[in-house]
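To start, the structure itself, in structure tokens.
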Amino acid sequence: MKFANQKPTVISLRSSRAPVPIAAPDVAVAFHDADDLGLIPVSALGAPITVDLTVWEGAEERYVYQLLWDGEPHGPEKEITSSEQPGDPLTLEIPVALQTNGRHSLAFRTYSPNTTVEDESAVFPVVIDRSAPGKPLLAAIQFPVEVQNGLTAAELEQLGDKLDVEIAGYTGMAKHDVIKTYWGDVLGPTATVTENDMGLNKVSFDFPKDFLDSIEPGPHAVKYNVTDRAGNVSEYSVEVTILLLLTQIPTDYPAPLVDPSIGDLIDHAEARPGVKVDVPHYPGATEFDLITLFWGADKPMLPVQIAPGDENEQIVLSVRVPYETIAATPIGQVEITYSVSRQNQLNGSSLPAQVDVFITLPIAEPMTAPVIQGTSVQNPDKTDNFIDEDDYELNGRAIVEWTDEFEVNDDLNLFWGDQQRLQWHQINEEDVAQKRDLIIPIANSIMKAQGTGSEIPVRYTVTRAGNPNSAASPAQKVTVRSKEELPGGPDGIDGPTFVVTPAGYISLIVAPDGTEGSVAPYLNIAENQKLFFTFKGFDLNNNPIEAATYTASRELDDRDVVEGYKFKVPFNTLRTICRGYCEAYIRVEPAPGSNQSAVTSRITRVPVDMRRTNESVCSISA
């Protein structure tokens, strides 16, 4: 018996109750790679987007299919026609109203009108992104420092004939972003963000020499923008102005001239007021040329124009370099150059001039002023910064506040008014170990050499071997007085004098209506000094009579200085004493602003007898 070959029947392994999977729809305009699956370009938005699908397995005539967007049905229900078979293409549309920013799920539903059974297809992810990258602002391109003052052909050669730049990470930075650069309106090289760029959070690329040579010389505003994969375009970045100087320009203009009075080294005292630098005449100097002086390679000063008429002078410009600029390099050799710009383009630069700088002080400012004290023991005046008449005859002392910046062998130099004492004190190891305020004697000779005064400035400086600068303390204003300048001079002032009888008494005959205590002009008398007159009475047993005390005062005028002054003691004061003694003296207070101390005169003692011959006691009339 012969058997013919028969085709076997395939038995499906699917469970009879398992649903038949329905393939997901597709959007042809969307990206389909793993980086941006389902991302729809912004160019496709704003109009209905076609959704592609196929007739699914098991579909029959009059079966219905409808768009599912984020799990919700949208749009018309379409029917399968008699001519459409499984695998045939079908289409739906995503309407504009559904095209909102964000991630969405795209599917379609199937429906049998006979059984009312409804199924859903697999999902195709859709991403709609209308957000431009780089919000709120794209940073400027980061160029190498060599372009700071213009990029020359020599500098470009040193950089390998290319200009390496970086763009810092920005908001929304993503793989496949396209960065377009612009030099003014000229489109430059572009770069595409890679996975490696994302890890570094920056994008590095370069501007090759061929491109830079194609750009006109002069300043250019360089910027960039970013287009993401969806096609969103950012705003332009912050601009950075790059001066291209790839054509050869002079670099041998005459070197600048530093003030010759400075010598070989600029120290702190010379730097403080600023240092004068002259720009000599250079070839082709023109009025309004902009001169930029460089104090060191990376420290340009503000540009200054050549004034009309100065372009033909031997010195076309003089500038003063401020202390703040000099202090940026406090110790070392500084190279000084200048550049010339004309019509916003570099026209040339100079040869360098070298100068040595040492402006660091031995002690950081500010220091504290010294405290000055007298050393009198018999009549000590403990007021600081006050040398009285007794102290003036002796040595003084200064208290210098300790600072940990002092070093062994530092020299302290005293300046007392116009006088000075160099190496007044040298810091020793004991000073450094104790770390206490220094108490340093002041020779009497230096005070005497300066003399007296109400505000003598006293300060000290610190010098250190190997350092040309001295650190100075603030000045302490010291009052210095001497006996020679006191009212009455060193011998003092005599007490007041009275008119007395030949026997030496104050009586009714010489004081019928009171008596006068006369103060004669004395040494160092002056206008506006104030005299305080005190008159006291005593009985025969030398007991004070309080009721017989009288006081008065007088501010001297120009006439008093010549003639002296008389204080009138009332008659009743004398009658209160009746028979006994009086004592009188004056106290002189110096005029305001003078450098004198108050002085009390000697005491004048005079017997008093105000009785008539027929009186044993004195009556006092009202």
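The values are calculated or read from the model by the stated rules, or taken from the named source; none is laboratory data. The model shown is predicted, which means the values in this text are computed figures rather than measured ones. Positions of Cβ are generated from backbone atoms using ideal geometry, with glycine treated the same way; all protein chains shown enter the neighbour counts. Note: areas computed on protein heavy atoms with side chains; ligands, DNA, RNA excluded. Shrake-Rupley method; radii C 1.70, N 1.55, O 1.52, S 1.80 Å.
Values computed for the structure shown
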quantity: The stretch 272-323: number of residues that are among the acidic types (Asp, Glu) and without any contact (Cβ under 8 Å) to a residue 40 or more places away in the chain; calculated: 4
quantity: Unmet criterion (only one of (1) open to solvent by 30 Å² or more (accessible area, probe 1.4 Å); (2) in contact (Cβ under 8 Å) with a residue 24 or more places away in the chain; (3) within 38 Å of the chain's Cα centre (by Cα); (4) over 14 Å from Ala140 (Cβ atoms)) for Arg229; calculated: (3)
quantity: Listing of strands (runs of 3 or more DSSP E) fully contained in the stretch 341-427 that carry 3 or more residues being more than 30 Å from Pro254 (Cβ to Cβ) and open to solvent by 60 Å² or more (accessible area, probe 1.4 Å); calculated: 419-426
quantity: Listing of strands (runs of 3 or more DSSP E) fully contained in the stretch 147-202 that carry 3 or more residues being touching a Ser or Thr at 6+ places or on another chain (Cβ under 8 Å) and of a type outside the set (D, E, K, R); calculated: 178-183, 186-192
quantity: Selection from the stretch 284-328 of residues that are open to solvent by less than 70 Å² (accessible area, probe 1.4 Å), within 18 Å of Leu346 (Cβ to Cβ) and among the small types (Gly, Ala, Ser); calculated: Gly284, Ala285
quantity: Looking only at the stretch 595-621, and only at residues there that are open to solvent by 40 Å² or more (accessible area, probe 1.4 Å) and under 22 Å from Ile387 (Cα atoms), the one that is modelled with the lowest pLDDT; calculated: Ala598
quantity: The lone exception for Ala24 - which of (1) open to solvent by 50 Å² or more (accessible area, probe 1.4 Å); (2) assigned to a loop (DSSP other than H, G, I, E, B); (3) modelled with pLDDT of 95 or more it fails; calculated: (1)
quantity: Residue in the stretch 193-200 that is over 33 Å from the mean Cα position of the chain (by Cα), at pLDDT below 90 and among the small types (Gly, Ala, Ser) present; calculated: yes
quantity: Residue match in the stretch 255-263 (condition: closer than 30 Å to Val319 by Cα, β-branched (Val, Ile, Thr), out of contact with any Lys or Arg (no Cβ under 9 Å at 6 or more places or on another chain) and not in a strand (DSSP E or B)); calculated: no
quantity: Extreme residue, nearest to the chain's Cα centre (by Cα), among residues of the stretch 34-69 that are open to solvent by 50 Å² or more (accessible area, probe 1.4 Å) and closer than 19 Å to Ala230 by Cβ; calculated: Asp35
quantity: Residue in the stretch 567-580 that is touching a residue at least 12 places away in the same chain (Cβ under 8 Å), among the polar types (S, T, N, Q), open to solvent by 70 Å² or more (accessible area, probe 1.4 Å) and outside any loop (DSSP other than H, G, I, E, B) present; calculated: no
quantity: So Phe538, is it closer than 16 Å to Ile493 by Cα and crowded, with 16+ Cβ neighbours inside 10 Å; calculated: no
quantity: Matching residues in the stretch 468-513 - criterion: being in contact with a helix residue (DSSP H, G or I) (Cβ under 7 Å, 6 or more places away or on another chain) and of a type in the set (Ser, Thr, Tyr); calculated: Ser482
quantity: Lone qualifier among Ile586, Ile525, Ile506 - being touching a residue at least 60 places away in the same chain (Cβ under 8 Å), of a type in the set (Val, Ile, Thr) and touching a Gly at 6+ places or on another chain (Cβ under 9 Å); calculated: Ile586
quantity: Qualifying residue in the stretch 112-124 (condition: touching a residue at least 24 places away in the same chain (Cβ under 8 Å) and within 30 Å of Thr194 (Cα to Cα)); calculated: yes
quantity: Failed item, numbered, when Leu556 is tested on (1) under 60 Å from the mean Cα position of the chain (by Cα); (2) free of Cβ contacts under 8 Å to residues at least 40 places away in the same chain; (3) open to solvent by 40 Å² or more (accessible area, probe 1.4 Å); calculated: (3)
quantity: Test: residue in the stretch 96-114 that is farther than 30 Å from Thr50 by Cα, modelled with pLDDT of 95 or more, outside any loop (DSSP other than H, G, I, E, B) and open to solvent by 70 Å² or more (accessible area, probe 1.4 Å); calculated: no
quantity: Criterion (in contact (Cβ under 8 Å) with a residue 40 or more places away in the chain and assigned to a strand (DSSP E or B)) met by exactly one of Leu138, Leu53; calculated: Leu53
quantity: Contacts under 6 angstrom Cβ, first residue in the stretch 332-359 being over 16 Å from Pro283 (Cβ atoms), partner modelled with pLDDT under 90 and outside any loop (DSSP other than H, G, I, E, B), 6 or more apart; calculated: Asn344/Pro219; Gln345/Gly218
quantity: Residues (open to solvent by 60 Å² or more (accessible area, probe 1.4 Å), outside any loop (DSSP other than H, G, I, E, B) and farther than 30 Å from Lys448 by Cα) located in the stretch 485-525; calculated: Thr497, Pro512, Glu516
quantity: Qualifying residue in the stretch 444-459 (condition: charged (D, E, K, R), modelled with pLDDT under 95 and over 30 Å from Ala271 (Cβ atoms)); calculated: yes
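Residues checked against (1) at pLDDT below 95; (2) among the acidic types (Asp, Glu); (3) under 30 Å from Asp161 (Cα atoms):
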site	(1), (2), (3)
Asn225	no, no, yes
Ile249	yes, no, yes
Gly263	yes, no, no
Arg272	yes, no, no
Pro280	no, no, no
Glu287	yes, yes, no
Met301	yes, no, yes
Asn312	yes, no, no
